[in-house]
Amino acid sequence: MSDFVTLMVLALPLLGIWLLVIRPAQRKQRDAVELNAQLTVGQQVMTTSGLYGTIAELDEESAHLEVAPGVVLRFARRAVAAVADPGGP
């Protein structure tokens with residue numbers, strides 16, 4: 001019986017770490033990969049630095065965002081953090 005208790009004392013903190021740290025990080029990474037795969041030209045997006053723009057061009061490594069009429073900036077695709085609300089900035 002004491003072996004079982006010892007095993008539980010060791011296993012419960014590891015389970016807690018997995019539930020509180022590792023699992024949410026994996027979910028966040030999976031969501032970021034999914035967002036990156038679903039990017040299309042014409043979408044309103046926000047970068048990790050908080051810059052809003054419209055996707056003008058996409059390639060394997062980068063996204064070209066139009067942030068003002070005639071102003072196109074090149075970002076790494078990984079820098080796109082979210083698709084912006086149509087009613088937002």
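Since every read-out is calculated from the coordinates, none of them should be taken as a lab result. Everything numeric in this text was worked out from a predicted model, so none of it was measured. Don't worry about glycine lacking a Cβ; one is built from the backbone with ideal geometry, like all the others, and counts go over all protein chains shown.
Computed quantities for the displayed model
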| quantity | calculated |
| --- | --- |
| Estimated D of the stretch 20-71 in µm² per second, where Rh is the Kirkwood radius over Cα pairs and Stokes-Einstein applies at 4 °C, 1.567 mPa s | 104 |
| Gain on full stretching of the segment that runs from VAL72 to ILE22 - 0.36 nm per residue minus C-alpha separation | 14.3 nm |
| Extended-chain gain in nm, criterion 0.36 nm per residue less alpha-carbon gap, ALA82 and LEU12 | 21.7 nm |
| Bins of 5 Å from zero: percent of alpha-carbon pairs in the chain | 3, 13, 19, 16, 10, 7, 6, 6, 5, 5, 4, 3, 2, 1, 0 |
| Extension gain, PHE4 back to LEU58 (0.36 nm per residue minus Cα-Cα distance, nm) | 13.9 nm |
| Test item: Cα-centred dipole of the stretch 9-81, Lys/Arg +1 and Asp/Glu -1 on Cβ, debye | 420 |
| Residue among LEU7, HIS64, ALA25 farthest towards the positive dipole end of the chain, charges placed on Cβ | LEU7 |
| Principal-axis tilt of helix 23-37 within the chain, Cα atoms, nearest 10 degrees | 20 |
